[in-house]
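Okay, so here's the structure we're looking at.
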Amino acid sequence: MKVAIIFLLSALALLNLAGNTTAQECIRKPNCVGITTHCPMRYEPVCGSNGITYPIECAVCFANRNRDVPILIEKDGVC
């Protein structure tokens with residue numbers, strides 16, 4: 001009986017932990033390749049890890065130029 005209870009509690013703990021594995025998957029670094037002086041005139045909003053919505057991914061690259069800790073992109077779209 002004790003073995004069955006320990007097994008069930010272990011299984012519940014593993015299932016609980018398995019549900020949290022996707023929380024960090026969508027956070028990514030902005031693609032800053034080829035960006036030199038300005039961003040294209042498009043509106044494709046992204047949500048930064050600082051909670052600010054940027055009008056385009058390129059704007060995150062410019063915001064990161066003078067930062068020690070870079071801003072990451074949490075998701076596409078507004079925050």
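The values are calculated or read from the model by the stated rules, or taken from the named source; none is laboratory data. Model, not experiment: these values are computed from the prediction. Don't worry about glycine lacking a Cβ; one is built from the backbone with ideal geometry, like all the others, and counts go over all protein chains shown. Note: areas computed on protein heavy atoms with side chains; ligands, DNA, RNA excluded. Shrake-Rupley method; radii C 1.70, N 1.55, O 1.52, S 1.80 Å.
Of all residues in segment 28-45, those satisfying the criterion of being open to solvent by 100 Å² or more (accessible area, probe 1.4 Å) and among the β-branched types (Val, Ile, Thr) are VAL33, THR37. Counting the residues of segment 1-41 that are within 22 Å of the chain's Cα centre (by Cα) and either modelled with pLDDT of 85 or more or within 21 Å of LYS75 (Cβ to Cβ) (or both) gives 17. Only residues that are open to solvent by 70 Å² or more (accessible area, probe 1.4 Å), without any contact (Cβ under 8 Å) to a residue 40 or more places away in the chain and part of a loop (DSSP other than H, G, I, E, B) were counted in segment 66-78, giving 5. Considered as a group, the residues in segment 46-65 that are farther than 10 Å from VAL78 by Cα and not in a helix (DSSP H, G or I) include one that is least open to solvent (accessible area, probe 1.4 Å), and that residue is ILE56.
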